[in-house]
Amino acid sequence: MKLTVNGVAREIESPLLTPLLAVLREELQITSPKAGCNQGGCGACTVLVDGEPRRSCLLPVAAVNGAEITTVEGIGTPERLAPVQQAFVHHYGAQCGFCTPGFLLAAHAYLAHGGTDDRAGIEEALAGHMCRCTGYVKIIDAVAAAARGDSFDLSTTAAGRFTTHTEAAR
């Protein structure tokens, strides 16, 4: 079985009914998709399959034979973050980070399909993704900022707006 994962062609040896999540994490050592509920309800395992968000815990690898799979590692690098990754950093869209890859990929797909900074549209695109830390406001702000095309100096991460750190305290 063959997959292209983050632009690299891969030959898969796992049995056909193995969940894609297990193939990514155990066979390919890509650990950004997380095993949250293992029932498709939390979104932590979300990956892009041919550009569409899918719950990898529910997908047998046979169902994606020949597909292009994108994990969070495939949308940006530490040196060149994708716009939505930059926005998450700037707006403190992540706290513990467990759910962040799933949110980033759902948001990335939303934006790639022409999503706007409309809060209701963002909420719909992120429905089914659970975060137990942030309360979603900062996540939605980050996606809206990326949709508007805001640019960020990541050396100054929303100082004074989302933290108690201000320029005067420096």
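Structure summary
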item	result
Condition broken by ALA147, with the remaining ones in (1) surrounded by 11 or more Cβ atoms within 10 Å (Cβ to Cβ); (2) more than 21 Å from GLY40 (Cα to Cα); (3) out of contact with any Asp or Glu (no Cβ under 8 Å at 6 or more places or on another chain); (4) at pLDDT 95 or above satisfied	(3)
Meets criteria (outside the structural domain of GLY135 (by TED's automatic domain parsing) and without any contact (Cβ under 8 Å) to a residue 12 or more places away in the chain) for ALA9	yes
Selection count where residues are over 17 Å from the mean Cα position of the chain (by Cα) and aliphatic (A, V, I, L, M), scope the stretch 17-36	4
Qualifying positions in the stretch 102-137 - assigned to a helix (DSSP H, G or I), over 16 Å from PRO83 (Cβ atoms) and of a type outside the set (A, V, I, L, M, F, W, C)	GLY102, ARG119, GLY121, GLU123, GLU124
Residues of the stretch 47-63 satisfying the condition of being part of a strand (DSSP E or B) and surrounded by 15 or more Cβ atoms within 10 Å (Cβ to Cβ)	VAL47, LEU48, VAL49, PRO53, ARG54, ARG55, PRO60
ILE12 within 13 Å of PRO101 (Cβ to Cβ) and either surrounded by fewer than 21 Cβ atoms within 10 Å (Cβ to Cβ) or in contact with a helix residue (DSSP H, G or I) (Cβ under 7 Å, 6 or more places away or on another chain) (or both)	no
Residue tally, condition outside any helix (DSSP H, G or I) and surrounded by 12 or more Cβ atoms within 10 Å (Cβ to Cβ), over the stretch 15-37	12
Residue in the stretch 19-31 that is on the phi > 0 side of the Ramachandran plot and at pLDDT 95 or above present	yes
Which listed residue, of VAL61, VAL49, is at pLDDT 95 or above, over 13 Å from the mean Cα position of the chain (by Cα) and closer than 28 Å to ILE12 by Cβ	VAL61
Lone qualifier among GLY97, GLY76, GLY93 - being part of a loop (DSSP other than H, G, I, E, B), modelled with pLDDT under 95, of a type outside the set (D, E, K, R) and surrounded by 20 or more Cβ atoms within 10 Å (Cβ to Cβ)	GLY93
Hits in the stretch 113-144 (condition: surrounded by fewer than 17 Cβ atoms within 10 Å (Cβ to Cβ), modelled with pLDDT under 95 and either charged (D, E, K, R) or more than 15 Å from the chain's Cα centre (by Cα) (or both))	ARG132, CYS133, GLY135, VAL137
Within the stretch 89-126, tally of residues that are farther than 20 Å from GLU52 by Cα and of a type in the set (Phe, Trp, Tyr)	2
Flag for ALA44 being more than 13 Å from the chain's Cα centre (by Cα) and buried (at least 16 other Cβ atoms within 10 Å of the Cβ)	no
Those residues of the stretch 39-98 which are touching a Gly at 6+ places or on another chain (Cβ under 7 Å) and of a type in the set (Ser, Thr, Tyr), in sequence order	THR46
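The values are calculated or read from the model by the stated rules, or taken from the named source; none is laboratory data. Keep in mind the model is a prediction, meaning the values are calculated, not measured. We place every Cβ from the backbone using ideal geometry, glycine too, and count neighbours over all the protein chains shown.
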